[in-house]
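The values are calculated or read from the model by the stated rules, or taken from the named source; none is laboratory data. Since the model is a prediction, treat every value here as computed from it, not as a measurement. All Cβ positions, even for glycine, are placed from backbone atoms using ideal geometry, and neighbour counts span all protein chains on display. Side chains are part of the model used for accessible areas, which takes the heavy atoms of the whole protein and leaves out ligands, DNA and RNA. Shrake-Rupley method; radii C 1.70, N 1.55, O 1.52, S 1.80 Å.
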Amino acid sequence: MNSVEIMLRPIIGGPGTILGPLLGSVVLTPLSEITRLAFQSYSGVYLMIYGVILVAVIMFLPDGLIGFSRKILSKLTRKGY
């Protein structure tokens, strides 16, 4: 259980970056607590939710949230906002 959480933090934040694990921790810690409280009567459901999040991030955000924010910032600076 802990190894999945530890592995998810840098993947979601942005692999290969210094701020990636920190950002992943900031996002996943509240999400973890919310899902545990919401699904406490169902054993292991929050791990399935983590699996869905992991698959979605790998498919749609392969560079994590840091890479996604860099893309958004570069598009905004090109357009002059």
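Which helices, taking whole DSSP H runs in the chain, have alpha carbons extending 20 angstrom or more along the helix axis plus mean Kyte-Doolittle at least -1.0?
Qualifying helices: 19-38, 45-60, 64-79.
Give the relative contact order (percent, whole number) for the range 2-75; include only Cα pairs under 8 Å separated by 6+ residues.
Normalised by residue count, the contact order of the range 2-75 is 34 percent.
Out of VAL4, ILE18, ILE53, whose Cα points farthest toward the positive end of the dipole of the chain (charges: +1 Lys, Arg; -1 Asp, Glu; placed on Cβ)?
ILE18
For the chain, which whole percent of the accessible surface, found with a 1.4 angstrom probe, sits on carbon and sulfur atoms?
Its accessible area is 72 percent carbon and sulfur atoms.
Divide by every residue of the chain the summed helix terms, -39500 (n - 2.57) for each DSSP H run of at least 4, and state the resulting mean residue ellipticity at 222 nm, rounded to the nearest 500 deg cm²/dmol.
So the helix-based figure for the chain works out to -26000 deg cm²/dmol.
Over the chain, with the other protein chains present, what is the accessible area per residue in square angstrom, probe 1.4 angstrom?
Accessible surface, normalised per residue, equals 71 Å².
So what is the orientation-averaged projected area of the chain, using the convex hull of its C-alpha atoms, in nm²?
Mean projected area for the chain: 6.1 nm², to one decimal.
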